[in-house]
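Below: the structure, in structure tokens.
What follows is calculated from the coordinates using simple rules that are stated; it is not laboratory data. Since the model is a prediction, treat every value here as computed from it, not as a measurement. FYI the Cβ positions are ideal-geometry reconstructions off the backbone, even for glycines, and counts take in every protein chain you see.
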Amino acid sequence: MYRGGNDGQAIDRAGAAFSGAASPHSEPVLEMSFRVDRYDFAAAGEAASKIKQVLRQLGMAPELVRRAAVAAYEAEMNLVIHSEGGQILLRVDTEKVTLVACDGGPGMPDVSLAMREGYSTAPDEIREMGFGAGMGLPNMKRCSDSFSIESEVGRGTTVTAAIRIA
Amino acid sequence: MKLADIRELIGAEVLVGEDKLSTVEIEMACGSDLISDVLAFCHDKTLLCTGLVSAQVVRTAEIAGLSTIIFVRGKRPDESVIEMGKAAGIPMLATDLPMFETCGLLYGAGVGGICLGADGSRRGDVG
């Protein structure tokens with residue numbers, strides 16, 4: 001099993017986050033974590049780009065790689081734009097590719113509203129950069145075979161997207 | 001349609017990919033200034049016409065597997081963005097034409113649009 005990340009501290013948290021999801025039939029073959037900072041537009045997309053590269057190197061099907069990369073990129077931009085910073089965890093086992101984006105706040109008061117296509121709380125300066133179309137979470141869901149959001153105002157948000165390996 | 005023909009058609013300046021003009025073949029294009037729409041609706045190998053010139057447009061192209069970026073309305077990305085395009089191996093052209101005219105010329109020359117299903121999803125998508 002390969003474990004790696006772009007910062008050492010994140011690895012332990014990655015392991016903790018994944019331990020609950022592991023099943024006897026899906027031992028992880030790879031886990032990586034990527035820290036994402038609020039408003040760091042210069043680095044935004046680097047995690048998704050790396051995830052795409054890693055999945056490609058694992059020999060995954062191109063369409064699966066693309067779906068995972070798009071989901072990871074949307075998650076990463078959500079963290080950059082909307083969170084106070086967080087991380088993206090990539091976990092690959094024999095059955096699926098799982099992406100977990102978690103942050104420490106601010107949390108979403110209405111998850112169903114956030115899932116509505118076209119709804120966005122992004123400010124104008126973010127929209128001018130081409131973001132804030134209100135498609136980020138719906139896009140993630142569209143790319144995933146299973147998708148869930150847990151969010152609590154004041155505590156943070158965890159978005160989990162899994163894509164089956166056919 | 002070859003990229004070289006597209007360059008000619010819209011009078012574009014080549015910012016990245018001079019060496020790919022005669023090899024890259026474009027069958028499909030889309031015009032958008034919304035990154036999520038590009039991620040949601042563009043297929044692999046699509047040419048993107050956009051007024052966005054930030055680093056994120058190159059990231060988007062990389063993630064979505066886009067073939068080429070055309071910057072419209074006379075916009076030019078700064079050098080760091082051009083360098084990103086070079087590193088990613090994504091041809092980048094720039095034209096003074098507005099989005100509508102750029103797309104119209106491409107469409108008129110036989111370049112197709114992206115195919116959407118009835119629910120707005122990309123046709124052929126899984127899940």
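Below are the figures for this structure:
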quantity	calculated
Subset of the range A:36-63 (residues that are under 15 Å from the mean Cα position of the chain (by Cα), at the interface with another protein chain (Cβ under 10 Å from one of its Cβ atoms) and assigned to a helix (DSSP H, G or I))	A:Glu46, A:Ala48, A:Ser49, A:Ile51, A:Lys52
Checking A:Leu58 against (1) in contact with a Leu (Cβ under 9 Å, 6 or more places away or on another chain); (2) buried (at least 24 other Cβ atoms within 10 Å of the Cβ), the condition it does not meet	(2)
Qualifying residue in the range A:148-156 (condition: crowded, with 23+ Cβ neighbours inside 10 Å, hydroxyl-bearing (Ser, Thr, Tyr), closer than 24 Å to A:Glu63 by Cβ and out of contact with any Asp or Glu (no Cβ under 9 Å at 6 or more places or on another chain))	no
Residue in the range A:82-90 that is out of contact with any strand residue (DSSP E or B) (no Cβ under 9 Å at 6 or more places or on another chain), under 20 Å from B:Gly65 (Cβ atoms) and either part of a loop (DSSP other than H, G, I, E, B) or not small (Gly, Ala, Ser) (or both) present	no
Close pairs (9 angstrom Cβ cut-off, 6 or more residues apart or separate chains): in a helix (DSSP H, G or I) in the range A:124-136, of a type in the set (Ser, Thr, Tyr) and buried (at least 18 other Cβ atoms within 10 Å of the Cβ) anywhere	A:Ile126/A:Ser120; A:Arg127/A:Ser120; A:Gly136/A:Ser120; A:Gly136/B:Ser36
Helices (runs of 4 or more DSSP H) (entirely within the range B:12-121) containing at least 1 residues that are within 14 Å of another protein chain (Cβ to nearest Cβ) and under 11 Å from the mean Cα position of the chain (by Cα)	B:35-41, B:55-64
Pair list, Cβ < 7 Å and 6+ apart or interchain, from the range B:7-18 residues that are under 15 Å from B:Met99 (Cα atoms) to residues that are assigned to a helix (DSSP H, G or I)	B:Leu9/B:Leu105; B:Ile10/B:Thr102; B:Ile10/B:Leu105
Residue count, the range B:34-44 (criterion: in contact (Cβ under 8 Å) with a residue 12 or more places away in the chain and in contact with a helix residue (DSSP H, G or I) (Cβ under 8 Å, 6 or more places away or on another chain))	6
Which listed residue, of A:Thr157, A:Thr121, is over 14 Å from the mean Cα position of the chain (by Cα) and in contact (Cβ under 8 Å) with a residue 12 or more places away in the chain	A:Thr121
